1. Would you mind calculating the gained length between Q248 and Q314 on full extension (0.36 nm times residue separation, minus the Cα-Cα distance), in nm to one decimal?
2. May I ask for the net charge around A348, where only other residues with Cβ less than 11 Å from the Cβ of A348 are counted and Lys, Arg are +1 while Asp, Glu are -1?
3. Near the amide H of E189, under 5 Å away, which other amide H atoms are found, from residues 5 or more places off or on another chain, if H is placed in the peptide plane?
4. Order of R468, R239 from fewest to most other C-beta atoms within 10 Å?
5. Please arrange H497, H216, H345 by how many other C-beta atoms lie within 10 Å of their C-beta, fewest to most.
6. What residues have an amide H closer than 5 Å to that of L209, excluding those fewer than 5 places away on the same chain, when H is modeled at 1.01 Å from N in the peptide plane?
7. Could you list D431, D184 so that the one with the fewest beta carbons within 10 Å of its beta carbon is first and the one with the most is last?
8. How large, in Å, is region 351-452 by the Kirkwood hydrodynamic radius built from its alpha-carbon pairs?
Amino acid sequence: MAPTSIADLVAALPSEDSWGPSSSADNMLNGVPYAPFSKGDKLGRMADWTAESKDRDRQGRQQYNRNFRDQQVYGAGSSSLFTIQAAEDESSFSVVDNTRTSAKRTFGRGGGTVFRGRGQRGGMAGQRGGGRGGFQRAGGGRGQGDRYYDNRGGRGGRGGRRFGWRDYDKPQRTREASVNIRADWQMLEEVDFNRLSKLNLETPDGEELDSYGFLHYYDRSYDRPPVKNAERRVQALDRAAYNVTTSQDPVIHELAEKNEATVFATSDILSMLMCATRSVYSWDIVIVHQGNKIFFDKRPGASMDLVSVNENAQDAPLEVAEASGKLDQINTPSALAMEATFINHNFALQTVTESDEAKISFAKPNPFYNEAEETEPLASKGYKYRRFDISLERDEEPLQMVVRTEVDAVMKSPTGGADQQLVVKALNEFDSKAPGSGGALDWRSKLVSQRGAVIATEMKNNSCKLARWTTQAILAQADGMKLGFISRANPRSAAGHVVLGVVGYKPREFATQMNLNLGNGWGIVRTIVDRIRGLDADEPVDAVKKYVLIKDPNRSVLRLYSVPATTFEEDEELEAEEKNEDEEDEEKDE
């Protein structure tokens, strides 16, 4: 038999047992071109229903898609060869996409538009993830991946902010601290407002230990709308009014010797601490720990004695260095604070009817008035020393706090009951068109017709000031608050002022409108007290320790410093000497 070739042998084998390349008739992929591939290719999405809508929005522009960045580049260009051509009748169909999209142009952190200025840091894609809480580094806001999607620009992330008109051109506000921090001071602790806002302590209303002074009756004619062309002017009245600090109050010294409480303060100092989370400007409180007693004090001429103006406004008044011109000089924070303090002092005196026959005298006379030395008559003022229980369940002994509170006037009850004690304060308007007005309405034209809008704007621009006044009224257990609206007679001059109206509130109801939580304030006070007691737990009983609590001028932070026991005493001696020299010079001139 003749030898057979290898080709003949292969052809004679059955097809089911054949090996090697198959014939073209048996090929399943007949007519399909070959596409290169890589063994390292990763399987992506089987189908992306959002790709069509995204490509349609891009109007055919080919852009890099971050969702497929994990695929291999090798062979990716041949995928179009397998694309099935859509029929003509399918052009009327569209993919349903329930993802919220915004056609508006977004700004701020995480937005697609990049600006020069303060908002640039989060505007560029891939820079620090847009916001601080981003899930992905690529994308703005809180991340634009599958886990969380927010296309509202920079408002998606924590700390996101929205640009206003010419916001990039606003000057940087660098404020100075209320007190110079010396080299021998030791910082013990720093706490931010976010931690303070989470504290809470429910405290009873308190009890009254003693009362001093007297009150005149409130003139109810101020509650009526003013008559046009007959506006009441704010008058400068010479009356003796006192705002003595805690450690110099003789009544508090007497209560401390009787061990009536452990912690002592005045309502203006305590309200500043309780409303610390609303404050913007810098302030400081001196804390003296002597024996087992703690006194909250203030320095002479402290910043908290002045009434701030538009402290919480988004566009607050400019500092002295940034002001230019005479008109701007009277609208600086310090000039406005002096003006507002003057207005509040005189408005409380002007709105009462002074009469020796018709007045309410408390149990004891004014503890700070000396008839032999004073030449001015006393102002209508009542001091109520009230005790509050700030104890916790874990305390072995109760922790009591005595607070000196103040009321300004008394008013007949409309229902015929007991007389109502009032706290009288004043809000002031300097110029609704000037920088720093905080978008306030014109009081002369809007106070009667849009009173709610005017008050709401004041709550926003002066949140800290109004919260302090409300806290002081609640601590004093006052029955009502009278808020006067005072405006300049001429917006270009801070010399003359007129009364545009007076609004009355109940302190508790006003606190609810302002979202003021006294439990949070008491929690802050108790936290500071516990910190001071813990620091001096190992000190001798007769030791005197002094601390200073300072609000940072440019950050929402409180800092506690340990200072020498003689701090600020030298300053007080120098001020006393200067005061004596000035009095001697006045006597020589006379």
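1. That pair, Q248 and Q314, stretches by 20.0 nm at full extension.
2. Charge balance in the 11 Å sphere: +2.
3. Sorted by chain and number, the residues that satisfy this are L560.
4. Fewest-to-most Cβ neighbours within 10 Å comes out as R239, R468.
5. Placing the least packed residue first, the sequence is H345, H216, H497.
6. Y385, R386, R387
7. D184, D431
8. Taking the inverse mean of 1/r over all distinct Cα pairs, region 351-452 comes out at 18.7 Å.
The numbers here are math on the coordinates, done by the rules we state, and not lab data. Nothing here was measured: the structure is a model prediction, and the numbers come from that model. Using ideal geometry, Cβ is built from the backbone for each residue, glycine included, and neighbour counts are taken over all protein chains shown.
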